[in-house]
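The values are calculated or read from the model by the stated rules, or taken from the named source; none is laboratory data. Keep in mind the model is a prediction, meaning the values are calculated, not measured. Note that we place each Cβ from the backbone using ideal geometry, even for glycine, and neighbour counts take in every protein chain shown.
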Amino acid sequence: MRFKRPSIPYIAWMVVFTLVPIVLILFYAFTDRSGSLSLEPMTKAFGYSDIFMRSLWIAFVSTVICLVLAYPIAYIISRQKRSTQNLLTMLIMIPMWMNFILRIYAWVTLLSDGGPIDTALSTFGIHLTLNNNRGAVILGMVYEYLPFMVLPLYTVMSKIDYRLIEAAEDLGANKVSVLRKVVLPLSVPGIISGVTMVFVPAASTFLVSTYLGGIDDTMIGDVIEQIFQGDRNTGSALALILMVAILIFLVILNLFGDEEAIS
């Protein structure tokens, strides 16, 4: 097979930074410390099934919340004039310019006991534990990944022909019917892209639960990072299982997209 010269750098990039790491993960996941074939790392990895399920659940809840929040935001932005769209899009992207850890530290300060939010609530006699719980982890995840849901939705919605909406309204459809029968079906590609861009990193993220969660909120990304430092075989097995779980999710998600396209 011949490759065109412009594609060679991309192929080299894929081989070095994608194919080689996957091969190494497969190798370490099915070998022991001496390099001999072994299923022990996989056996150890399946012992963390509860953390796997917790991580997938937190990622799922965070993705749903991002979708619920991002959908109206993206729709409102898409209906503005072009200059306003550019301004609002830039405002959504500005937090992404800051370092990931700094943004998490900011939420640690905001949610800590005696912090700004706790102080404001205390003036009304409300006392809540805002940090070191699952709610704080989900809040941090939503904050981190909301732009990744808004931007794909906005991109798709901005391309919807507004004459279709006007035609539906002329035929007697109310705003709810227009949203359900016109906007929603046409925005499915954006929903699929947004869900993919949020769920995949959310399921494998680390540090968010470390700084914002409690003992029972540890996610699989943190576990992989901790274990890999001392036992790369078990760490690779955990990474492989997570990769397969995410791949299955993406396949199922694409099936829904195909069904929508057929219908």
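So which of ILE77, ILE65 ends up being more than 19 Å from VAL183 (Cα to Cα) and surrounded by 15 or more Cβ atoms within 10 Å (Cβ to Cβ)? Spell out the reasoning first.
On the way: ILE77 fails: more than 19 Å from VAL183 (Cα to Cα).
Result of the check over ILE77, ILE65: ILE65.
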Practice prompt. Looking only at the range 33-61, count how many residues are touching a helix residue (DSSP H, G or I) at 6+ places or on another chain (Cβ under 6 Å) and either outside any helix (DSSP H, G or I) or farther than 21 Å from PRO201 by Cβ (or both).
Written response: 3
Response to the item:
Taking the range 49-78 and keeping residues within 24 Å of LYS159 (Cα to Cα) and free of Cβ contacts under 8 Å to residues at least 24 places away in the same chain leaves VAL64, VAL68, PRO72, ILE76
Worksheet item: Looking at (1) free of Cβ contacts under 8 Å to residues at least 60 places away in the same chain; (2) farther than 29 Å from GLY214 by Cα, which is the one condition that is false for ARG103?
Response: (2)
Practice prompt. Those residues that are surrounded by fewer than 12 Cβ atoms within 10 Å (Cβ to Cβ) and of a type in the set (Gly, Ala, Ser), I need them from the range 37-57; list them, please.
Written response: GLY47, SER49
Discussion item. Residues that are under 30 Å from LEU102 (Cα atoms), at least 3 per element: which helices (runs of 4 or more DSSP H) completely within the range 145-263 meet that?
Written reply: 188-204, 208-212, 220-230, 232-262
Worksheet, complete the sentence: Checked ILE241, ILE227, ILE252 against criteria (out of contact with any Gly (no Cβ under 7 Å at 6 or more places or on another chain) and modelled with pLDDT of 90 or more); the one match is ILE241
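Please go through the range 113-141 and pick out each residue that is assigned to a loop (DSSP other than H, G, I, E, B) and surrounded by 15 or more Cβ atoms within 10 Å (Cβ to Cβ). Steps first, answer last, please.
From the range 113-141, those assigned to a loop (DSSP other than H, G, I, E, B) are 113-115, 123-133; that's our starting set.
Hits for the range 113-141 are GLY115, LEU130, ASN131, ASN132, ASN133.
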Worksheet item: Do you know which residues across the range 179-207 are in contact with a Phe, Trp or Tyr (Cβ under 9 Å, 6 or more places away or on another chain) and more than 30 Å from GLU166 (Cβ to Cβ)?
Response: THR196, MET197, VAL198, PHE199, VAL200, PRO201, ALA202, ALA203, THR205, LEU207
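Could you pull out the residue among TYR154, TYR145, TYR211 that is over 27 Å from ALA237 (Cα atoms), out of contact with any strand residue (DSSP E or B) (no Cβ under 8 Å at 6 or more places or on another chain), aromatic (Phe, Trp, Tyr) and touching a residue at least 60 places away in the same chain (Cβ under 8 Å)?
On the way: TYR145 fails: over 27 Å from ALA237 (Cα atoms); TYR211 fails: over 27 Å from ALA237 (Cα atoms).
Matching residue, one of TYR154, TYR145, TYR211: TYR154.
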